[in-house]
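Report on the following structure.
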Amino acid sequence: MEAFLKRLSLLVHWVCFAIGVAVIIAVIIYNADLDTLFISMAIGFSIVSIIVGAAIKWMFSGNFSLFPWKS
């Protein structure tokens with residue numbers, strides 16, 4: 001069961017990281033059309049998403065890293 005939870009937490013970390021990167025890329029692409037408040041909220045969301053994914057992995061594997069490919 002422990003191995004399953006470690007793999008699941010790694011999957012969640014990858015998903016949260018992908019969401020965070022996708023939001024940052026979308027903000028870069030549509031920067032001219034967006035309001036400053038929306039841009040700051042989107043960047044904040046992406047940073048929180050990446051940190052939450054890392055924290056979930058940390059809870060089940062015991063090591064903290066912001067990037068999912070580092071163990």
query = Just one of LYS70, LYS6 is without any contact (Cβ under 8 Å) to a residue 40 or more places away in the chain and of a type in the set (Lys, Arg); which is it?
reply = LYS70
request  = Among residues belonging to segment 54-71 that are within 16 Å of the chain's Cα centre (by Cα) and of a type in the set (Phe, Trp, Tyr), point out the one that is least open to solvent (accessible area, probe 1.4 Å).
outcome  = PHE67
key: Hits in segment 9-53 (condition: of a type in the set (Gly, Ala, Ser) and either open to solvent by 70 Å² or more (accessible area, probe 1.4 Å) or in contact with a strand residue (DSSP E or B) (Cβ under 6 Å, 6 or more places away or on another chain) (or both))   = ALA32
ask   = Out of (1) in contact (Cβ under 8 Å) with a residue 24 or more places away in the chain; (2) in contact with a Phe, Trp or Tyr (Cβ under 9 Å, 6 or more places away or on another chain); (3) part of a helix (DSSP H, G or I), the odd one out for ILE47 is which?
value = (2)
message = Against the condition polar (S, T, N, Q) and under 16 Å from ASN63 (Cβ atoms), how does SER9 come out, does it pass?
response = yes
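The values are calculated or read from the model by the stated rules, or taken from the named source; none is laboratory data. Values in this document were obtained by computation on a predicted structure and should not be read as measured data. Note: ideal-geometry Cβ built from the backbone for every residue, glycine included; neighbour counts use all protein chains shown. What goes into the accessible areas is simple: the full protein's heavy atoms, side chains included, and nothing from ligands, DNA or RNA. Shrake-Rupley method; radii C 1.70, N 1.55, O 1.52, S 1.80 Å.
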